[in-house]
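Structure, as structure tokens:
The values are calculated or read from the model by the stated rules, or taken from the named source; none is laboratory data. These numbers come from a predicted model, not from an experiment. Methodologically, a virtual Cβ is constructed for each residue, glycine included, from the backbone with ideal geometry; neighbour enumeration extends over all protein chains shown.
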């Protein structure tokens, strides 16, 4: 058996780092060019898998944010605002093509800066980002069919703040509809993952996008706060934690700013006794261990019908034993690095709380690298409904398993959360899928799959998962003013 395992052992298959040219330092992208910050401050961005410093990045202060907003306003009242919709579509389409042309470069940079496996950056993040630009390019000259009157108008300057879990993909969710609708943008990427946004700024230059249409200001929370609170920002779009989302809602209360908030989640992945178990297990793994569980809609609560509990758990444990954790640049890797030390400490705190609450913890045999931020795939059983690991968003590769007997009990347990972003249902009965979908308080309900996204389909949540939708016609509407009487 040992010799057979050696014969079929994986050989390292690293992607070449030489595909990207990381500059020693980066400025802010304002008015179509890279500029130094007003006060000259900067911060380091590191690779979470090795703790290697990748680059020094400019930190924008209030003066820099003001400069970027003024550049966006000039573009909105100037060439971009006067441009025919069909011409605007060409720029959005050009950006989509440039993302495709430089896909390997973007994927490598995303993996180095974020820690996710190169396979996910290459096969999911970058192609889906390009798809969003292609889709929204098609909308630019068809806005009269968005259901907002015969001639809907852009809102103006959009201030957008994106998270670190899907840096390029979240950028595309924000910028593509904003540009297609005729708005201009000031975007702030997360401080731990700014590099693909800065490479996207180079794509804007390559596409000859008019100066000021897209501006990118890097920094931490204070930079995002200055952007959200700027009086000349007409629309705020934020993806991130619920706590920050609440702070943004308070900051813009009493203003006429439009807002879209896509916040945290604690999704239930519900497996009935008639579900195809092997298929469901793959969906469970994809639902929580994809991107190390750094997914707002991750299926972090597994609800299993009691009659198939043992079968599902045994199959799940076998499957987790085959996952490969390690170098994110290796094409064989399934689970990469945790994005930051702060996030790793958060995961450890909540998993320790799970054990203290009486849940049983299990992880497959897993050797963690000495350098970087790592956490093994972890499953908790015997989890109580009131446990912190069943109620709070962990944002890591941690699964809490609960059981149910009847569909009504499954719905009650699934809805027993302050969040309402997504859910999954596994069953062969179509009528049960439709009934469950009508009862679950979740913005997205997947049936016999999980974590599937399409730019034509709206995405968003209820309750503390935020409000508004991104993607599809509904996502376009968030960047338009209705001309209906």
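Brief remarks follow.
- The numbered conditions (1) free of Cβ contacts under 8 Å to residues at least 40 places away in the same chain; (2) in contact with a helix residue (DSSP H, G or I) (Cβ under 6 Å, 6 or more places away or on another chain) are all true for residue 196 except (1).
- Residue list for the stretch 450-468, restricted to those being in a strand (DSSP E or B), at pLDDT 95 or above and farther than 24 Å from residue 280 by Cβ: 463, 466
- With respect to (1) crowded, with 19+ Cβ neighbours inside 10 Å; (2) farther than 22 Å from residue 385 by Cβ; (3) not assigned by TED's automatic domain parsing to the domain that holds residue 474, the lone exception for residue 248 is condition (3).
- The listed residue being more than 30 Å from residue 356 (Cα to Cα) and crowded, with 20+ Cβ neighbours inside 10 Å, out of 460, 420: 460
- Entry remark, the stretch 76-97: residues being within 16 Å of residue 207 (Cα to Cα) and surrounded by 19 or more Cβ atoms within 10 Å (Cβ to Cβ) number 7 in total.
- Residue 92 vs. criteria closer than 24 Å to residue 210 by Cα and over 23 Å from the mean Cα position of the chain (by Cα): no
So that you can scan it fast, the table gives a plain yes or no per residue for (1) outside any loop (DSSP other than H, G, I, E, B); (2) closer than 17 Å to residue 60 by Cβ; (3) at pLDDT 95 or above:
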{"position": "151", "(1), (2), (3)": "no, no, no"}
{"position": "192", "(1), (2), (3)": "no, yes, yes"}
{"position": "215", "(1), (2), (3)": "yes, yes, yes"}
{"position": "230", "(1), (2), (3)": "no, yes, yes"}
{"position": "233", "(1), (2), (3)": "no, yes, yes"}
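- Considering 27, 78, 31, 40, the condition of being assigned by TED's automatic domain parsing to the domain that holds residue 154, in contact with a helix residue (DSSP H, G or I) (Cβ under 8 Å, 6 or more places away or on another chain) and more than 25 Å from residue 369 (Cα to Cα) is satisfied by 31 alone.
- Qualifying residue in the stretch 139-156 (condition: within 19 Å of the chain's Cα centre (by Cα) and touching a residue at least 24 places away in the same chain (Cβ under 8 Å)): no
- Some residue of the stretch 395-411 being crowded, with 20+ Cβ neighbours inside 10 Å, closer than 30 Å to residue 146 by Cβ and either touching a helix residue (DSSP H, G or I) at 6+ places or on another chain (Cβ under 6 Å) or modelled with pLDDT of 95 or more (or both): no
- Residues of the stretch 172-190 satisfying the condition of being part of a helix (DSSP H, G or I) and surrounded by fewer than 24 Cβ atoms within 10 Å (Cβ to Cβ): none
- Yes/no for residue 29 being in contact (Cβ under 8 Å) with a residue 12 or more places away in the chain, outside any helix (DSSP H, G or I) and within 30 Å of residue 344 (Cα to Cα): no
- Counting only helices (runs of 4 or more DSSP H) that sit wholly inside the stretch 323-435, those with at least 2 residues that are closer than 17 Å to residue 165 by Cβ and touching a residue at least 24 places away in the same chain (Cβ under 8 Å) are 341-356.
- Boolean, residue 161 is in contact with a strand residue (DSSP E or B) (Cβ under 8 Å, 6 or more places away or on another chain), more than 30 Å from residue 333 (Cβ to Cβ) and crowded, with 24+ Cβ neighbours inside 10 Å: no
- When we screen 112, 54 for residues that are part of a strand (DSSP E or B), assigned by TED's automatic domain parsing to the domain that holds residue 178 and touching a helix residue (DSSP H, G or I) at 6+ places or on another chain (Cβ under 8 Å), the only hit is 54.
- In the stretch 224-245 there is no residue matching the filter, namely being crowded, with 19+ Cβ neighbours inside 10 Å, more than 24 Å from residue 478 (Cα to Cα) and touching a helix residue (DSSP H, G or I) at 6+ places or on another chain (Cβ under 9 Å).
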